[in-house]
Amino acid sequence: MTSPALPKITKSIVLVGLMGAGKTCIGSRLAERLSMPFVDADAEIEKAAGCAISDIFELYGEDAFRDGERRVISRLLTDPVQVLATGGGAFMDESTRQRVRESAISVWLRADLDLLLSRTGRRNNRPLLKDGEQRDTLKRLMNERHPKYAEADIVVDSAREPPNVTVDRTIDALRTFLKSETVGEKSG
Ligand code: S3P
């Protein structure tokens, strides 16, 4: 059975969620399925800075990284519609959340701790997971960040399943969201 057509997507889709939630993996496949360009904000930050994120943290510190992240995402949101995967901390920034609210559809890829741990792995180049117990760090970040991620327009559970199954569920959720927006527009 073919799924009902998706209403035209006129806004970028912004994926948020913790490290290991699958933002890049699901985002790139989602973009392909929707025939939209895929952009990875972390890769764009590295391009703009001319060095790896781990080097930005080490050389300039996290605050400088966050400034760059905010600027790059704000710029990317002025580009034509795209699927944009953001780094796990990006949606913690109030002005980034505001920009996303104004101009995009946000999708929280929610994953449980064990899944995040298995995806982030032992050897890791993510600065926030370099020191200490990854489980403790991820648990703390879940507590801090989940309330902000929950502000996203759509929540999709990232599960142990083939990526295309998660993409299917994301498209279904988008369809429901877009339909409710259209209904809201008509009655509002
Ligand atoms: C971070 C997540 C990373 C990257 C940086 C900080 C975070 O991106 O932006 O290491 O604060 O959670 P991913 O979520 O793509 O790993």
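The residue of the stretch 125-171 that is farthest from residue 114 (Cα to Cα), among those that are in contact (Cβ under 8 Å) with a residue 60 or more places away in the chain and among the hydroxyl-bearing types (Ser, Thr, Tyr), is 170.
Please report, ordered by residue number, the helices (runs of 4 or more DSSP H) entirely within the stretch 55-125 with at least 1 residues that are under 18 Å from residue 137 (Cβ atoms) and within 11 Å of the ligand (Cβ to nearest atom).
Passing ranges, in order: 62-76, 113-120.
For the stretch 7-19, the tally of residues that are in contact with a helix residue (DSSP H, G or I) (Cβ under 6 Å, 6 or more places away or on another chain), more than 7 Å from the ligand (Cβ to nearest atom) and open to solvent by 10 Å² or more (accessible area, probe 1.4 Å) stands at 1.
Every residue, every condition in (1) at pLDDT below 95; (2) of a type in the set (A, V, I, L, M); (3) within 13 Å of the chain's Cα centre (by Cα), yes or no:
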position	(1), (2), (3)
59	no, yes, no
86	no, no, yes
111	no, yes, yes
114	no, no, no
154	no, yes, yes
158	yes, no, yes
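Against the condition more than 15 Å from the ligand (Cβ to nearest atom), open to solvent by less than 40 Å² (accessible area, probe 1.4 Å) and assigned to a loop (DSSP other than H, G, I, E, B), how does residue 159 come out, does it pass? Yes, satisfied. Here residue 39 meets the list (1) within 14 Å of the ligand (Cβ to nearest atom); (2) in a helix (DSSP H, G or I); (3) touching a Leu at 6+ places or on another chain (Cβ under 7 Å) almost entirely, failing just condition (2).
The values are calculated or read from the model by the stated rules, or taken from the named source; none is laboratory data. Just so it is clear, the structure is predicted and the values come from calculations on it, not from any experiment. Reconstructed Cβ throughout: ideal geometry from the backbone, glycine too, with neighbour counts over all protein chains shown. The area values use the complete protein model at the heavy-atom level, side chains included, leaving out ligands, DNA and RNA. Shrake-Rupley method; radii C 1.70, N 1.55, O 1.52, S 1.80 Å.
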